[in-house]
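Here the structure comes first, spelled out in structure tokens, and everything after it is commentary.
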Amino acid sequence: MKEFHNWFQEHQVERTLKALRQNRFEAEFVPRASDAPGEIFQRIPEGASVGIGGSLTLSQIGFFEEAKRHPIQLLNPFAPGLSVEEGLKIRREILLADVFLSSSNAVTEDGKLFNIDGTGNRVAAMAFGPRKVILVCGVNKIVKDMEEAERRVREWVAPMNVKRLGFKNPCAQTGQCADCHSPQRICNIYTILAKKPLRTDFTVLLVGEALGF
């Protein structure tokens with residue numbers, strides 16, 4: 001079974017990388033999660049300011065441990081002990097960072113990036129502001145098209161994230177999107193990056209493992 005799964009995945013990744021490159025993104029395949037931090041830091045100059053968008057993937061690949069060994073200025077609005085105001089201040093500073101790191105909720109086989117955000121800082125930084133954007137995405141994020149991308153994020157990813165965050169939205173109780181009006185709703189902003197933004201150096205690293213939701 002694993003042989004056929006690997007065969008299918010290899011072709012899926014090849015299609016997706018080709019499409020991302022046609023859409024002017026730099027796109028590379030990283031076979032193992034443990035190799036991803038090395039690929040990231042090859043693209044970050046010493047002394048750079050590096051902003052972080054909400055991403056389980058960065059924790060899973062060991063980015064934060066590796067970051068301690070590099071001379072960068074890490075802008076992490078999720079660092080323990082920060083007040084709400086301090087976190088918002090860092091989010092705004094990230095929009096002027098040298099580098100922005102995060103993941104994408106979905107990557108389509110025709111080379112588009114789909115994301116849903118609650119506050120908007122993560123998708124804003126992807127579109128404009130930081131000089132360079134690096135998104136690290138497990139192969140589980142690859143979907144056929146935009147319809148599948150939205151369905152995946154709304155019906156699966158968002159409820160799990162709401163549960164993880166401890167919010168009281170309806171989907172945290174039922175596991176099913178209710179298109180709610182909750183004040184803690186995280187599905188407020190939908191973005192599609194169809195092509196590489198004109199003024200941004202943009203890299204997508206597809207990792208050959210399941211990462212994040």
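No value in this document is a laboratory result; all are computed from the given coordinates. It should be emphasised that the depicted structure is a prediction, and the values quoted were computed from it without experimental measurement. Note: ideal-geometry Cβ built from the backbone for every residue, glycine included; neighbour counts use all protein chains shown.
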(request) Of the DSSP beta bridges with both residues in the stretch 1-132, give the percent that are antiparallel, rounding to the nearest 5. (result) 20
(request) Figure the gain on full extension for Lys163 and Glu93 (residue separation times 0.36 nm, minus the Cα-Cα span) and round it to one decimal in nm. (result) 22.4 nm
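What ranking of Thr108, Thr203, Thr191 emerges when the number of other C-beta atoms within 10 Å of each C-beta is taken as an exposure proxy, fewest first?
Thr191, Thr203, Thr108
Mind checking the full-extension length gain between Ile189 and Asp145? Use 0.36 nm per residue of separation minus the Cα-Cα distance, one decimal, nm.
14.0 nm
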(message) Checking the cross-link filter: which aspartates and glutamates have an alpha carbon closer than 16 Å to that of Lys168, excluding same-chain neighbours under 8 positions apart?
(response) Asp179
(request) Run the quick spin-label model on Asp35 and Phe64: label points 7 Å from Cα toward the beta carbon, then report their separation in nm to one decimal. (result) 2.6
(request) Over 26 Å between C-alpha atoms is what I'm after, so list which of Lys68/Lys196; Lys2/Lys195; Lys144/Lys196; Lys18/Lys89; Lys132/Lys163; Lys18/Lys141 land there. (result) Lys68/Lys196; Lys2/Lys195; Lys18/Lys89; Lys132/Lys163
(request) For every other residue with a beta carbon closer than 13 angstrom to the beta carbon of Gly38, add +1 if it is Lys or Arg and -1 if Asp or Glu, then tell me the sum. (result) -2
(request) Could you check the simple spin-label distance between Ala79 and Gln42, using points 7 Å along Cα→Cβ, in nm with one decimal? (result) 2.9
(request) Calculate the dipole size of the chain relative to its Cα centre from +1 charges on Lys and Arg beta carbons and -1 charges on Asp and Glu beta carbons; express the result in debye to the nearest 20. (result) 400
(message) Pick from Gly129, Gly47, Gly120 the residue whose mean-square fluctuation is largest in a GNM of the chain, springs joining Cα atoms under 10 Å.
(response) Gly47
(request) Could you let me know the centre-to-centre spacing of the stretch 160-213 and the stretch 83-115, using Cα atoms, in angstrom? (result) 11
(request) Would you mind counting up the charge near Leu75? Only other residues with Cβ under 14 Å from its Cβ, with Lys and Arg at +1 and Asp and Glu at -1. (result) +3
(request) Identify which of Glu28, Glu46, Glu109 has the largest mean-square fluctuation in a Gaussian network model of the chain, with springs joining Cα atoms closer than 10 Å. (result) Glu46
